[in-house]
Each structure stands twice: as structure tokens, then as C-alpha cells.
Amino acid sequence: MSEKLKERSEMDSAFMWDLTPMYANDEAWEKAFAASEKTVLSLSEWQGSLKDAASIKEFLDEKTAMERDMNNLFTYASLRNSEDTRNAVGQGMYSRAYGRITSAAAAIAFFEPELLAKEEEELKAIVRDPVLSDYRVMLEDLLELKSHTLSKEEEALIASFREALSAPERIATALMDADMIFDPAKDANGIAHELAASNYIMMQRSKDRVLRQNSFESLYRAYRQHINTFASTFAGLVQGAYAESRARHYKSTREMRMSQDHIPVYVYDNLIQAVHERMDLMYRYAALRKRILKVDDLHYYDVYCPLTEGSEKQYTYEEAQKMVLSAVSPLGKEYCDTVQRAFDERWIDVYPNKGKTGGAYSSGTWDSAPYILLNFTGNLDNVSTLAHEMGHSMHSWLTNHNQPSQYAGYTMFVAEVASTVNENLLIEQLLEKETDPKERLALLNQYLEGFKGTVYRQTMFAEFEKEAHAMYQEGKALNPQSLNALYEKLIKLYFGDDLVIDEEVQYEWARIPHFYYLFYVYVYATGYSTACALSEKILSEGEPAVKKYLEFLSMGSSVHPLDELAHAGVDLSTPAPIHLALDKFERVLEEAEKTADELGL
């Protein structure tokens, strides 16, 4: 932890992703970027020419090819920018790619209103025409949006504003990843440690409580200094999104966002209600954490650190690879062979470096490998993160190899299922093998932490987002005071009386980038609940469950998400899967409590 972060140029390329299969180098990207302008302009010339199924098919083929090119350009630029967000080259590529995508959206903005302006019977006949069979699902979905689609001129206007409306996210991201500077954090021995967004959580998991407290206070001291800017960027996002929802005749931004995934709003509300009904479990976990850590007062900087010394074990990246491969072995040889390819062909950017985007993600296109960004430091959570992001990448890989590019994307609602299934398979395997009580408690803690972070915490985020957007819709101000107060209220609700509410806690909402993705965080909780059910089916039923699961991972957007999950065997139109997941959390919590008793903790 005391090791200073290296510059990108000092890193070992063997542990950096290889982007050359996308573009040989930045110069090749620049050439493709220059050529894309002509393609975008040519698509705008189709306006007024969508006369019949044949012409629509020709346009859609060109549009699909253009979107593939745009995705490749933008994804490469985004990955390069993530390597070092301070680097002007990556920043420039990302900014220009974003602008080109905005231009492309404006160029084809006429398509939906022009098509939907046709008489309903004529439109239905066009959609049924065999010539358009490759696009039928997409066109049927478009028909459902008829009442929310504006005129050609209005759609073009909204498309032209897209880049401006995305400014709050870009400003907040630049502030968080590139501009914010944190004071070094001293440990119990007085040694100062460099603090960055990418190593903050590692410090919060330290056994050194002094380091945890100092890094906590340092991080949020910086956020407090910029809280007015963060409140303004978030308010700008909310305002812009609500304006579009009203223009499109939705009752709320939440309804607009969820309708894109064909998810009823009640699914979101069911999640919050189900979690509220079992909040006592979270309070029990907070009490267990306070008891095992032997602290008089449980602070927010005490909620991440491991509960036992056993969990301090460090793993090399090579060990992590073997653990993930072993964990996913129930999913079959073909699945495992592709995971091995990801390791061998450098789909993964492994270690942190100065300026690198914090956290972890999976990103790619229909034409590329599904790349993974990590900030691997060697603890068990990092191993779990590798399994998690590999789940995303395998979902993308299977979809891309079983669907045409127009159906290769999958909705956010199902996006967290594959990742969390992999996490569950990993922890179940480790628990099955481990007999030492101290090590078992470490693994149980890992399980509980995963559940806390993915179900309770993400539901808390979802509730914050729901209430913040509702506040604006009701005419209430979104400023530092109101947003801080809302967040602090939710922290108290979700952690209970055993947690001391430090002054810094109220600023945490400002460092959650997912709030800029509009009603995305709830899918972590629904996805985890689904993954609990699916991973248990996979381990108990074997091949039949694996077959349905892999079919689900291959569907992309060719099937609506609730139907996809039903195919895999989970019905999320009811709160039942949430309750089942919470039951499992209770079982794991009970075993952790008993193990702590056994160890005299």
C-alpha cells in the first residue's frame, strides 16, 4: 500500500490490454475517425426516402454498419482515455468521438419520426414484411414508442442537444478522475500514503484503523470542497433528463428510462419495499461487524475492513486467474476456453497506475474483444472483481457470437446477472473447500459484503436517485443541503443505530458515478437476486440449468429482459426473487454469527 503508483509509461505491457486488434495504433484510429464523417453525412440524405420495406431495409443496413463504426471509434477512445485520464491525447479522442456520435444521432434522428408518421396499418404491414425479418423485433419495439416519438424537427433538435445534456456526467467524471487531489493519509506509524480514487477502497480495507480514518477524512475533505460543483452537475443532469421525459410525454424520468428496457416501474418499487421489509438483517450485520472489530463506536470507515486476519491473504494475478477458471468450470469447457483466451490475448488491463480510471468495468464492441479494466491489488475482493467483470465480458462474447450486431447489446436490467453469477460461483467454491473457522469467517464476510454492497447499498442508491428526481419534479431545490440531507437520512435508515454518522458521510453521494447513468443502480440489486437463484440452479441441477443459462446469455436484445430471465428460470415480475435472495443473506449471516461465537469473537 505504501508503494507509489507508477506512470502508465512505467507499467509492464504484459499486464496491459492489447487494443491493436481494434486499431493498430492511434494513427489508424484517426484515419477511421476522419472517414466516418462522410458516412454520417450520407445517412442524413435518406431523409424523406423511406417509402417501403425495401428502402427501409437498405437504410437500416447502412445505419447498422455506421453504428458499428461509431461504437468501435468511441470504445477505443474511451479505453484509451481510461488508461490515464490526465493524458490530453486520450481526452481529445474521447471528446471528438463523443461529438461524432452526437452528430451521427442527429443525422439519423429523422428515422423514427418519419417511420412512425405512417398510418398504423401501413406501418404494421411494413414491420411484418419478410424483407425486414432481420429487424422485426427492433421495429416492433419502435411501434410501442409511437406515442413518445416527436416530429422529425423535434427529434433532430433533441439529438443536437445530446452532447450538451451529457455535459454534467463529463464534468463530474473529469473532476473525480483527473482534477481532484487528495491529501496523503497517514497510518498508525505516521507514514504517509498517497491517496487516489483507485486505491481508496484498498485503504478502507486496511486493518490499520488510523489509516482508514485518515483516508476517509482526506477523501471527503476534497469532496466537501467541491460539493457545490457536484450538486450543480447532478442538478443539471436531473433537469435535462426531466425536460426530455416531459417532451416525450412520460410521467417521469424514471418511467422514460425504464421503458427503454421494457421494465415496469413497479419492479423498481418492489425492490425498495422488499429490502425495507428486511432491514433488520442489515442491522444485525452492522452489529456483528461492531462486535468482531471490538470497537466502541462503529464508524463509516469501519464498514469495509475484513473481519478476520485470514482475509488478509494476498493473491497474485496468476493465482486469481486460476481461481476464476476453477469457479466457472460448472459452466462448461467452451465457456472456460474463452475465459482462458481473455487471459492469454490480453483483454485485461490489470494494475492501477497514475491517472487511471478507478474501479473496474467491461467494455467492447460487436467487432472487438470484450475488454476489462481492473485496478488489481491482490486481495480477495480483487479476485471477486475479476470474476465479476469476466461475467460481463462472457455475456458480451456469447451475445456477440449468437446475435447480429443490431441485437448484440443487452439491457442494463440483465447486465449484472452474469457478473454476479460468477461471483457467487467463486465464493461457493471457496466455502466448499475451506474448513478453518477463521478462513471460513473471512469468506462468509466476503459473501456478506458482496450482498451488502450489491443489494442493500445499491437499493439505497436507487432510493436516493428516486427521491432526488422526485424532489425536482415536485419543485424542490437540488442543492448541497438538500442532497446531503437526503443521503444522510438514507445512511441512517440502511445501517441503523449501530453506525455513528460522521460529518463526512453526507458527501458520499457525490462520488457515485452511476447516478449520472439515470436509474441504472437498481439493476445491480435485481441482478444479484437473480444471480442467487441461477447460481444455485447451476450447482444443484447441472447441465439442464447451465444450458438454459447460456441460452439466456446468448439472447442479447432479441428478447425482452423479463422474458429472457423467465427463460432462465427466474420471474422478476414479482418480488419473490428478492425475498429469496434476502433469505440466503440471512442464512449466511447466521453462519457468520455462529462462526464468530465459535472463534470467541
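Given the criterion touching a Lys or Arg at 6+ places or on another chain (Cβ under 8 Å), touching a residue at least 40 places away in the same chain (Cβ under 8 Å) and in a loop (DSSP other than H, G, I, E, B), identify the matching residue among L572, L601, L589.
On the way: L572 fails: touching a Lys or Arg at 6+ places or on another chain (Cβ under 8 Å); L589 fails: in a loop (DSSP other than H, G, I, E, B).
The conditions single out L601.
Within the range 121-140, work out how many residues are without any contact (Cβ under 8 Å) to a residue 12 or more places away in the chain and not polar (S, T, N, Q).
Of all residues in the range 121-140, those without any contact (Cβ under 8 Å) to a residue 12 or more places away in the chain come to 121-122, 125, 128, 130, 133, 136.
Filter once more, keeping what is not polar (S, T, N, Q): 121-122, 125, 128, 130, 136.
Going through the range 121-140 one residue at a time, the tally reaches 6.
Mind listing whichever residues of the range 435-493 are surrounded by 16 or more Cβ atoms within 10 Å (Cβ to Cβ), farther than 24 Å from V267 by Cβ and small (G, A, S)?
A442, S482
Check off (1) surrounded by fewer than 16 Cβ atoms within 10 Å (Cβ to Cβ); (2) within 14 Å of L43 (Cα to Cα) for E144 and give me the number that stays unchecked.
(2)
Of the residues in the range 141-158, how many are part of a helix (DSSP H, G or I) and either under 16 Å from K118 (Cβ atoms) or touching a residue at least 12 places away in the same chain (Cβ under 8 Å) (or both)?
Going residue by residue through the range 141-158, those that are part of a helix (DSSP H, G or I) are 141-144, 146-148, 152-158.
Okay, now just the ones that are also either under 16 Å from K118 (Cβ atoms) or touching a residue at least 12 places away in the same chain (Cβ under 8 Å) (or both), so 141-144, 146-148, 152, 154-156, 158.
Of the residues in that region, 12 qualify.
Given the conditions (1) over 24 Å from the mean Cα position of the chain (by Cα); (2) touching a residue at least 40 places away in the same chain (Cβ under 8 Å); (3) surrounded by fewer than 21 Cβ atoms within 10 Å (Cβ to Cβ); (4) part of a loop (DSSP other than H, G, I, E, B), report the number of the one that S206 does not fulfil.
Of the numbered conditions (1) over 24 Å from the mean Cα position of the chain (by Cα); (2) touching a residue at least 40 places away in the same chain (Cβ under 8 Å); (3) surrounded by fewer than 21 Cβ atoms within 10 Å (Cβ to Cβ); (4) part of a loop (DSSP other than H, G, I, E, B), the odd one out for S206 is (3).
Hey, among the residues in the range 271-312 that are at pLDDT 95 or above and in contact with a Pro (Cβ under 8 Å, 6 or more places away or on another chain), which one's surrounded by the fewest Cβ atoms within 10 Å (Cβ to Cβ)?
The residue in question is Q273.
Do you know which residues across the range 121-141 are touching a Lys or Arg at 6+ places or on another chain (Cβ under 8 Å) and over 16 Å from I56 (Cα atoms)?
none
Does any residue of the range 565-587 turn out to be surrounded by fewer than 23 Cβ atoms within 10 Å (Cβ to Cβ), under 19 Å from the mean Cα position of the chain (by Cα) and over 30 Å from A222 (Cβ atoms)?
no
Please verify whether F230 is outside the structural domain of S482 (by TED's automatic domain parsing), modelled with pLDDT of 90 or more and either buried (at least 17 other Cβ atoms within 10 Å of the Cβ) or within 22 Å of Q473 (Cα to Cα) (or both), treating the condition exactly as stated.
On the way: outside the structural domain of S482 (by TED's automatic domain parsing): yes; modelled with pLDDT of 90 or more: yes; either buried (at least 17 other Cβ atoms within 10 Å of the Cβ) or within 22 Å of Q473 (Cα to Cα) (or both): yes.
Judged against the criteria, F230 is a match.
Restricting to the range 118-166, what's the tally of residues that are in contact with a helix residue (DSSP H, G or I) (Cβ under 8 Å, 6 or more places away or on another chain), at pLDDT 85 or above, among the hydrophobic types (A, V, I, L, M, F, W, C) and over 25 Å from G236 (Cα atoms)?
Within the range 118-166, residues that are in contact with a helix residue (DSSP H, G or I) (Cβ under 8 Å, 6 or more places away or on another chain), at pLDDT 85 or above, among the hydrophobic types (A, V, I, L, M, F, W, C) and over 25 Å from G236 (Cα atoms) number 10.
State the number of residues belonging to the range 1-44 that are part of a loop (DSSP other than H, G, I, E, B), over 19 Å from Y76 (Cα atoms) and not small (G, A, S).
8
Testing I181 on (1) of a type outside the set (F, W, Y); (2) assigned to a helix (DSSP H, G or I); (3) modelled with pLDDT of 90 or more, one condition comes back false. Which one is that?
Tallying (1) of a type outside the set (F, W, Y); (2) assigned to a helix (DSSP H, G or I); (3) modelled with pLDDT of 90 or more, I181 fails exactly one: (2).
Would you point out which residue out of K584, K489 is part of a helix (DSSP H, G or I) and without any contact (Cβ under 8 Å) to a residue 12 or more places away in the chain? Let's see the steps before the verdict.
Values: K584 fails: without any contact (Cβ under 8 Å) to a residue 12 or more places away in the chain.
Answer to the selection: K489.
Working carefully through the options Y472, Y456, Y410, find the one that is among the aromatic types (F, W, Y) and either part of a loop (DSSP other than H, G, I, E, B) or modelled with pLDDT under 90 (or both).
Details: Y472 fails: either part of a loop (DSSP other than H, G, I, E, B) or modelled with pLDDT under 90 (or both); Y456 fails: either part of a loop (DSSP other than H, G, I, E, B) or modelled with pLDDT under 90 (or both).
Step by step, each of Y472, Y456, Y410 is checked, and only Y410 is among the aromatic types (F, W, Y) and either part of a loop (DSSP other than H, G, I, E, B) or modelled with pLDDT under 90 (or both).
Looking only at residues in the range 246-304 that are of a type in the set (V, I, T) and in a helix (DSSP H, G or I), which one is farthest from L599 (Cα to Cα)? Give the derivation first.
Step one: of the range 246-304, the residues of a type in the set (V, I, T) are 253, 263, 265, 267, 272, 275, 292, 295, 303.
So of that shortlist, the ones also in a helix (DSSP H, G or I) come out as 253, 265, 267, 272, 275, 292.
Working: T253: 50, V265: 45, V267: 41, I272: 35, V275: 30, I292: 10 Å.
Per the criteria, the residue is T253.
Looking only at the range 209-226, count how many residues are in contact with a Leu (Cβ under 8 Å, 6 or more places away or on another chain), of a type outside the set (A, V, I, L, M, F, W, C) and either in a helix (DSSP H, G or I) or surrounded by 21 or more Cβ atoms within 10 Å (Cβ to Cβ) (or both). Break it down stepwise before answering.
Narrowing the range 209-226 to residues in contact with a Leu (Cβ under 8 Å, 6 or more places away or on another chain): 215, 218-219, 226.
Imposing the further condition that a residue be of a type outside the set (A, V, I, L, M, F, W, C) reduces the set to 215, 218, 226.
Subsequent filtering for residues that are either in a helix (DSSP H, G or I) or surrounded by 21 or more Cβ atoms within 10 Å (Cβ to Cβ) (or both) retains 215, 218.
Qualifying residue count, the range 209-226: 2.
Going residue by residue through the range 168-189, is there one that turns out to be farther than 18 Å from K356 by Cβ and in contact with a Gly (Cβ under 7 Å, 6 or more places away or on another chain)?
yes
The values are calculated or read from the model by the stated rules, or taken from the named source; none is laboratory data. Since the model is a prediction, treat every value here as computed from it, not as a measurement. Using ideal geometry, Cβ is built from the backbone for each residue, glycine included, and neighbour counts are taken over all protein chains shown.
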